[in-house]
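The structure appears right after this line, and notes come after that.
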Amino acid sequence: MKFWKEHSLLRLILMAATFVLGMILVVQGWRMTGTLAGLGLMLLGVALLLVTLYLYNARFADRKKG
């Protein structure tokens, strides 16, 4: 098991940080519509939002059905 999977407070802090940073990057990239840099910022922001979902779901990944 990974260290952050076992500690809910650490996972919550990581999720909050990646969510806030991801949203900031998406909004900043959206303001730069029409530029390649804006697209890059939005893609990086979406990647961080996907990391947030991964961190959230990591807690449930090892549980078996039944």
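Close contacts from region 20-46, counting a first residue that is charged (D, E, K, R) and a second that is surrounded by 13 or more Cβ atoms within 10 Å (Cβ to Cβ) and at pLDDT below 95, with Cβ to Cβ under 8 Å and a gap of 6+ residues or different chains, come to 31/38. Among residues of region 1-54 being outside any helix (DSSP H, G or I) and polar (S, T, N, Q), the one that is surrounded by the most Cβ atoms within 10 Å (Cβ to Cβ) is 35. Residue 46: in contact with a Ser or Thr (Cβ under 8 Å, 6 or more places away or on another chain) and not aromatic (Phe, Trp, Tyr), yes or no? Judged against the criteria, residue 46 is not a match. Of the residues making up region 47-60, those that are among the polar types (S, T, N, Q) and free of Cβ contacts under 8 Å to residues at least 24 places away in the same chain number 1.
The values are calculated or read from the model by the stated rules, or taken from the named source; none is laboratory data. None of the values given here were measured: they were computed from a predicted structure. Please note: Cβ atoms are built from the backbone with ideal geometry, for glycine as well, and neighbour counts cover all protein chains shown.
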